[in-house]
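Worksheet: the structure to be examined is printed underneath.
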Amino acid sequence: MTVDGSLGMLPDARNGDGQGGDVRGNGVRSDDVPGHGIPPPEALDAGAPADPGDGAAVTVSALSLDFPIYHGGSRSLKKTVLSLASNRMGRSRDTDAGTGGHLGTDRTHRVVVRALREVSFTLRSGERLGLVGHNGAGKSTLLRALGGIYEPVAGSVEVLGSVGTLLDPNFGMNLDLTGRENIVLRGRYAGLNGTGIRALEADVEAFASLGPFLDLPVRTYSSGMVVRLGFALSTAAAPQVLLMDEWFMAGDAKFQDKAHRRLETVVRGAEILVLTSHTLEILRSWCTRLIWLEHGAIRMDGTPDEVLAAYAGV
Amino acid sequence: MNALPPVPPPAPPPATPLAPGPAATERRDQADDGRDGTPRGSDERGARAGGSAAPPAGVAALPRPVLRMDARIGAMGRAAAAWADLRDGTRLWRLALSLGFLDIRLRYRGSLLGPFWLTLSSAVMVASMGAVFSLLFHTSLRGYLPFLSVSIILWQAGIGALAGEACTSFTGAEQTIRSMRMPFTVQVLRTVWRNLLVLAHNIVVPLAVFAIFGAWPGVEAVLSLPGLLLWIVDGMAACFLLGAICARFRDIPPIVGSLLQIAYYVTPVIWNPSQLGAKGWWLPLNPFFPLMEVVRAPLLGHVPSAMIWEAAVGYSLAFCLVSALLFIRARSRIAFWV
């Protein structure tokens with residue numbers, strides 16, 4: 001009886017709890033389903049103006065990327081020819097690691113990392129996508145694939161709009177050139193003409209505030225100054241589709257505020273943002289959608305709150 | 001929408017934009033209508049209206065570019081992509097020239113003579129080899145040295161140097177290739193231009209020899225220009241071909257080096273084709289011979305025969321075809337290889 005009662009009590013109590021939970025759960029759920037789970041498309045309809053054909057867009061369908069690993073002999077023509085001639089009994093293997101993509105071998109028995117597997121998603125103007133996942137889950141590879149650096153091995157990628165990649169802060173920077181020469185060089189990389197380069201120079205000079213150092217070789221800069229220059233250069237352009245690695249969070253605190261504001265301007269100017277970061281706060285506050293990558297495949301795709309809750313639970 | 005909305009608040013969307021509760025959905029909709037500004041609504045439009053004129057960019061005025069990459073494009077698609085690479089890369093010629101120029105400047109930064117170190121070492125080599133070989137071949141220095149100086153410079157600073165550097169045209173630009181999408185043609189143009197600059201520095205040596213011996217070639221020298229143009233085309237083909245292969249197989253550059261060494265001896269560079277006489281029937285089989293001749297002969301005051309020109313153009317066409325086929329096949333993989 002007591003047992004029964006207690007047994008009877010438990011469900012009751014649970015029910016009571018469940019009621020409260022249900023209310024909240026309902027709230028969360030109704031919030032979750034129409035407000036939370038669906039926001040991306042809904043928000044799009046509401047947020048994007050009625051000209052989606054004109055806006056920037058990213059379409060990724062069944063994208064797979066295999067990364068050949070060249071180590072030792074596989075870089076050698078001699079060994080490749082020999083192994084093609086003699087080795088026809090190699091067996092495909094597929095090992096599983098805690099982090100990183102799956103290792104396997106392809107037709108020619110090269111070891112490959114399956115960096116991305118069957119990744120599909122669509123981004124429309126106004127979306128801010130964050131990529132989460134462990135080291136080697138394929139986040140940076142996906143960014144590079146979106147930027148057209150790595151071309152798909154299977155599937156397709158389509159990006160409408162100018163693409164800006166902020167992957168390497170010191171990209172295109174030559175330590176032996178002066179800051180000013182580096183600005184010109186970067187302008188040339190961006191395909192700017194003379195006026196564009198002068199505008200870039202004025203912009204970077206004002207932001208990086210390196211003073212007379214701008215006319216000295218970058219080699220003579222302190223590391224903080226190099227970061228300033230690199231950051232100012234990388235964020236000077238205003239692309240429609242912005243692909244960004246998390247490096248930008250580095251830097252000293254004083255500069256960080258200034259950098260943060262500038263970065264926000266660029267991010268706001270972009271129609272689509274794709275961002276990788278390990279800093280959950282950044283992802284939560286900057287993104288409208290998160291994709292959780294695991295071993296190169298999409299594990300979860302949803303709103304930041306949803307995905308982060310699940311991600312933190314693992 | 002107004003063309004220029006007020007500057008949006010600097011903060012990104014608040015950390016918890018979705019308070020749980022029944023009203024959340026509505027609130028969210030309102031936010032999406034742009035009342036809140038930050039998430040996407042008005043901000044987005046503002047960016048498109050005002051942001052497209054962002055002064056520092058200078059690129060926003062271009063039509064909206066499209067990047068399409070599909071793994072199943074097939075051979076024609078690959079060829080089209082390679083063609084687009086060539087076209088877009090050529091459009092970035094300013095960048096290629098700047099990069100090639102900087103390569104030279106940085107290579108010799110801090111040295112007193114700069115790129116003329118090359119000239120000096122070439123001059124010393126030509127002088128010493130001229131002295132030794134004119135004795136060996138029993139020819140007069142006056143007849144031999146102009147030939148040798150032109151030959152050596154064209155080979156060492158021209159064909160040989162370019163073939164060697166073609167191997168690193170992509171691996172040398174690894175950082176760029178992995179940081180942004182950029183036509184590979186830019187790296188090819190950069191390599192070819194860099195070598196043209198080196199050749200231009202070295203051409204001083206034969207000019208000095210001409211002056212010393214009073215052996216000026218005459219107006220025929222102009223005929224070397226179409227030959228040089230052919231070299232530029234072949235040089236680009238070499239960069240596409242060797243650049244891609246050497247990115248994949250890292251033992252190719254030494255192999256190329258060895259082959260060039262052999263080619264240097266079997267091609268009439270330090271010896272004159274006339275020295276072989278009737279035994280030289282196989283010379284036209286060596287592609288380097290007609291290629292060398294179309295530039296060298298005019299500089300020595302001769303007009304290359306039609307057969308030499310036909311051979312040079314024929315070999316070049318075949319070489320360009322091989323190079324194009326390989327580049328079409330390998331282009332999308334180069335980024336993985338470097």
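All of the numbers you see were taken from the coordinates with simple rules; none came from a lab. Treat the numbers as computed from the prediction; the structure is a model and nothing was measured. All Cβ positions, glycine included, derive from the backbone under ideal geometry; neighbour counts span all protein chains shown.
In peptide A:230-240, how many Cβ atoms from other protein chains are near each Cβ within 10 Å, on average?
3
Using alpha carbon centroids, what distance separates segment B:70-109 and segment A:114-160, in Å?
Taking the Cα centre of each part, segment B:70-109 and segment A:114-160 sit 24 Å apart.
Could you put B:Trp155, B:Trp117 in order, starting from the residue whose Cβ has the fewest other Cβ atoms within 10 Å?
Placing the least packed residue first, the sequence is B:Trp117, B:Trp155.
Report the Cα centroid-to-centroid distance between segment B:214-231 and segment A:266-287 in angstrom, as an integer.
So the two Cα centres are separated by 60 Å.
So how do B:Met180, B:Met125 line up by other beta-carbon neighbours within 10 Å, fewest first?
B:Met125, B:Met180
Please compute the Kirkwood hydrodynamic radius of segment B:75-337 from all pairs of different C-alpha atoms, in Å with one decimal.
That comes to 19.5 Å for segment B:75-337.
Per residue Cα convex hull volume for segment A:166-313, in cubic angstrom?
Looking at segment A:166-313, the number lands at 126 Å³ per residue.
Roughly how far apart, in whole Å, are the Cα centres of segment B:122-192 and segment A:174-248?
About 35 Å separates the Cα centre of segment B:122-192 from the one of segment A:174-248.
Which order do B:Phe213, B:Phe288, B:Phe327 fall in if you start with the one that has the fewest other Cβ atoms within 10 Å?
B:Phe213, B:Phe288, B:Phe327
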